[in-house]
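Only one structure is covered here, and it is reproduced in the block below.
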Amino acid sequence: MKIKKLEDYQIEELESGRLFINKYDLSLKYLYELNANWKEFFFDLLSELISKRSFYLLQNSKVSLLDYMKKDYSNLIKKYNLKIDFRDYIELNDYVSYSEWIKENNNFIAYKGMDLYLISDKTDLFE
């Protein structure tokens, strides 16, 4: 069982998608910290893509390129048969959103007095 005490403000940041949970040790990371890892991944993805062929990227101007790539990277990898594996980017794989984390069996939030805790009661560490 893993337990992580939360500060008052962190639950709102988790629910709003600004703070992410490490699914293995319950450490927390902000979106801006993870974006550095996303940018590294996308730089590698684009380098691989450019080495294979020239391409055009049509993108809706209402969405940032980073947000677009976060949603569509797997399609680009499949479409262009790129030799890049998202699982190699551990920081991006280990941290999940609160909504994703809470859906998992044996993950929950508990209150004790005025304190708030993330609790993961997973028995299998190697999912």
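The values are calculated or read from the model by the stated rules, or taken from the named source; none is laboratory data. The model shown is predicted, which means the values in this text are computed figures rather than measured ones. Cβ: placed from backbone, ideal geometry, glycine included. Neighbour counts: every protein chain shown.
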Close pairs (6 angstrom Cβ cut-off, 6 or more residues apart or separate chains): without any contact (Cβ under 8 Å) to a residue 40 or more places away in the chain and in a loop (DSSP other than H, G, I, E, B) in segment 92-113, surrounded by 12 or more Cβ atoms within 10 Å (Cβ to Cβ) and of a type outside the set (Ser, Thr, Tyr) anywhere: Asn106/Lys122
Residue, farthest from Ile109 (Cα to Cα), within segment 1-37, restricted to residues that are modelled with pLDDT of 95 or more and of a type in the set (Phe, Trp, Tyr): Tyr32
Candidate set from segment 1-34 (those that are hydrophobic (A, V, I, L, M, F, W, C), closer than 20 Å to Gly113 by Cβ and out of contact with any Ser or Thr (no Cβ under 9 Å at 6 or more places or on another chain)); member that is surrounded by the fewest Cβ atoms within 10 Å (Cβ to Cβ): Ile11
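Taking only segment 1-13 into account, find how many residues are outside any loop (DSSP other than H, G, I, E, B) and out of contact with any strand residue (DSSP E or B) (no Cβ under 7 Å at 6 or more places or on another chain).
From segment 1-13, those outside any loop (DSSP other than H, G, I, E, B) are 2-6, 8-13; that's our starting set.
Pick out the ones that are also out of contact with any strand residue (DSSP E or B) (no Cβ under 7 Å at 6 or more places or on another chain) and you get 8-9, 12.
Adding up the residues that qualify gives 3.
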Out of Asp67, Asp72, Asp25, Asp44, sole residue that is in a helix (DSSP H, G or I), out of contact with any helix residue (DSSP H, G or I) (no Cβ under 8 Å at 6 or more places or on another chain) and either in contact (Cβ under 8 Å) with a residue 12 or more places away in the chain or among the aromatic types (Phe, Trp, Tyr) (or both): Asp44
